[in-house]
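The values are calculated or read from the model by the stated rules, or taken from the named source; none is laboratory data. Please read all numbers here as calculations on a predicted model, not as lab measurements. Cβ placement follows ideal geometry from the backbone for every residue including glycine, while neighbour counts extend to all protein chains displayed. Just so you know, the surface numbers come from the protein's heavy atoms only, side chains and all, with ligands and any DNA or RNA stripped out. Shrake-Rupley method; radii C 1.70, N 1.55, O 1.52, S 1.80 Å.
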Amino acid sequence: KPVGQAELPKGQSTVTLQFAAETTIDRVMLQEDLTAGHTVVTFQVDVEVNGAWQSFVQGHPIGTKRIALGAPVAATAVRLSVLEAFAPPQVLLSAFAPGPCA
């Protein structure tokens, strides 16, 4: 079960998932709505730690679903940035705490 989710606003290239308190995560799941076809070419996910943004994962493409693993980090926010896309993307960002996948 995700510790938080945020949907990329229509026509935007960045979305931030803000936690109510510092939260340890070790993976994010990105789900692209492919109704209009594949749009995301490259993306970056950053985490906010002690008030500063740091890179968590970069990649290409997203497709239907991409689960990206990283080192466990205590973050106050997670930010998805779509760096390149063919058209305005529709993406759901989910963050997960360390532990078994259910």
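Yes/no per residue for (1) under 14 Å from Ser94 (Cα atoms); (2) out of contact with any strand residue (DSSP E or B) (no Cβ under 8 Å at 6 or more places or on another chain):
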| site | (1), (2) |
| --- | --- |
| Pro9 | no, no |
| Gln12 | no, yes |
| Leu30 | yes, no |
| Val45 | yes, no |
Top-ranked residue of segment 1-56 - restricted to ones that are of a type in the set (Lys, Arg) and open to solvent by 70 Å² or more (accessible area, probe 1.4 Å), ranked as farthest from Gly99 (Cα to Cα) | Lys10
Of all residues in segment 60-102, how many are open to solvent by less than 80 Å² (accessible area, probe 1.4 Å) and either modelled with pLDDT under 95 or not in a strand (DSSP E or B) (or both)?
-> 12
